[in-house]
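The structure under discussion appears below in the form of structure tokens.
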Amino acid sequence: MVQYHAVLMATRASAHKAAQTSLRRLPSVDELLSNERLRRLAREVGRPLVLLAARQVLAGLRQQIRRGPSPGQAGLSQAELEPALAHLPQDVEAEVRERLAHSLRPVINATGVVLHTNLGRAPLGAEAARRVYELATRYSNLEFDLGKGARGRRDVHAGKFLDRLLGLRSAEGRASGMSLVVNNNAAAVLLVLNSLAEGGEVIVSRGELIEIGESFRIPDIMARSGVILREVGATNRTRPADYARAINRRTKLLLRVHPSNFRLQGFVERPPLDALVTLARRRRLPLVEDLGSGLLVDLSPQGLREEPVASASLRAGVDVITFSGDKLLGGPQAGLIAGKKKYLERCRKNPLFRALRVDKMTYAALEATLRSYLRGALEEVPALRLIRSTAEEISQQAEQLRTALERDLAGRAELSVRAGQSVVGGGSTPGYTLPTKLLVISPRGMSAAELAARLRRADPPVVVRVEAQRVLLDLRTVFEDQQAPLAAALGQALRS
Ligand SMILES: *Cc1c(COP(=O)(O)O)cnc(C)c1O
């Protein structure tokens, strides 16, 4: 026992001595920073950042040396010391680049979900992006009336186009209503309810008390707006008479909500819009409709038959509509409010409008997007263009990618192209899919989940679907200039 203890002490002493010798070989921070590579880096990103990274890398190496060559731990043997020392400048540079890497980055969306809530919903068109750049990097007339040379209002901007697209302005330019832009549709609903019904009751069908995403629930947003929710009907059936019976002295507003992300089937009844319009008029109450998606053009040729077109609701007599800017409209994140002027003016005068207003970049992107609609140039709106891509077009791209990969891979994966379905997504068109062609990859010697994880680590990261031990790529949502980087990322992920 005593002998064993002595041997152990001796071993420890010699390990300690070896570590001391190695530690003395480490360069000082100043020596390390005088390396040519790091001097160049310091000119590029500034010396303080390089200094910080150098300290961290040296501290890491010091710790490894102290641990010694212990198996199973991140220790360092003496033989490994020389290469580690030679690699220090690269390690420092890698650390600097890591610290400077953007958190928000472009990704390749190979899921086929056009309005992917987690991947930034609608991508902007090139012209919209160009306008954002122009307006963001210069001064603008955001709140300046160029005619009068005096303070103006920001809410006139996108309204000019929106009013026309929604039929709120006659051919002669006469206005029958107006529109407002806020941060998102959740904000739009909040502002409308608070402006028109605070302290009063709002009647809504039990079949429309929906949740969108994980953070937008109609009952919660109503509570936060300071209105009292008055539910009527049953989950599956609500009739106009249910609304009529619930109206009382405290009633301030009738609310209709488009059930964007689910579909009730079977024994179902929802009051027709006309019946609600008639009821609201007779009882002198505003009828507000949360449309969710805000489709501006009829997409029934693409099969989107159940999505309400925004202008149709206004024509039917709804007093105020709200909808998102970055769902089927295909613009920036925004909430749009449109309808009768007397109601919209109340929203505009509400101090909440100031809190929920949008920046010049949003107006710039929204105006450019709406302008594409006005010119009938729907191909300029990426979301619409992607929805309208045909399975044949997508099939061609999938076959091209397959051919390129097959040349490259020599049996590392099994590849095929088969029919599948794309999803519109973004809390619109539940259960509705677009026919597409999928590139199916069964990797050899690695799981589909592992391949998906490697693709997420690529630069730019690639997001795919995984189903039944296969990786599925839907090129509907992959832009043309992303096809080469996608092929490169796949090749690398499968090879390494
Ligand atoms: C999507 C949606 C919302 C929320 O819109 P955001 O723009 O995400 O805030 C609200 N109501 C309905 C019916 C929706 O579909």
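Quick note: the coordinates plus some simple rules give every number you see, no bench work behind them. Note that the coordinates shown come from a computational prediction; the quantities given were computed from them, not determined experimentally. Methodologically, a virtual Cβ is constructed for each residue, glycine included, from the backbone with ideal geometry; neighbour enumeration extends over all protein chains shown.
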Rg/Rh (Cα only; Kirkwood hydrodynamic radius) as it applies to region 136-220: 1.08
Positive-end extreme of charge dipole, the chain - chosen from Val288, Pro332, Ala404 (charges on Cβ): Val288
Overall dimensions of region 32-191 as given by Cα atoms, namely Rg and Dmax in Å: 27.9, 86
Cα-based Kirkwood hydrodynamic radius, region 428-496, one decimal, Å: 12.8
Cα convex hull of region 304-368 - mean projected area over all directions, nm²: 5.2
Residues with amide H under 5 Å from that of Arg465, placed H, sequence gap 5 or more: Leu472, Asp474
For region 360-496: Kirkwood Rh in Å [reciprocal of mean 1/r, alpha carbons]: 16.4
Positive dipole terminus of the chain, leading residue within Val471, Ala452, Val277 (C-beta point charges): Val277
Region 31-36 - phi-based ³J(HN,Hα) in whole Hz, Karplus 6.51/-1.76/1.60, Gly and Pro as x: 4, 4, 5, 7, 4, 4
Under Karplus coefficients 6.51, -1.76 and 1.60, residue-wise ³J(HN,Hα) of region 110-127 in Hz, glycine/proline x: 9, 8, x, 7, 5, 9, 7, 4, 7, 10, x, 6, 7, x, 7, x, 4, 5
Whole-angstrom gap from region 146-204 to region 453-467, using each part's C-alpha centre: 41
Exposed-site-free run, longest, the chain (rule: GluC sites (Glu not before Pro); DSSP loop; at most 10 other C-beta within 10 Å): 215-496
Convex hull (Cα only) mean projected area of region 23-123, reported in nm² to one decimal: 9.7
Quotient of C-alpha Rg and 2.2 N^0.38 Å, computed over region 109-157: 1.71
Rounded FRET efficiency, nearest 0.05, which uses the C-beta distance separating Ser103 from Arg43 and R0 of 25 Å: 0.50
For Lys437, distant residues with modelled amide H under 5 Å away: Ser395, Gly420
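To two decimal places, what compactness ratio does the chain give when its Cα radius of gyration is scaled by 2.2 N^0.38 Å?
Against the empirical 2.2 N^0.38 Å value, I get 1.30 for the chain.
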Cα extents of region 126-380 along the three principal axes, largest first (Å): 54, 41, 40
Test item: Cα-centred dipole of the chain, Lys/Arg +1 and Asp/Glu -1 on Cβ, debye: 1520
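Volume per residue, Å³, of the convex hull around the alpha-carbon atoms of region 277-320?
On the way: hull volume 3.0 nm³, N = 44.
Cα convex hull per residue, to the nearest whole number: 68 Å³.
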Estimated Rh, region 303-437: Kirkwood, alpha-carbon pairs, angstrom: 18.3
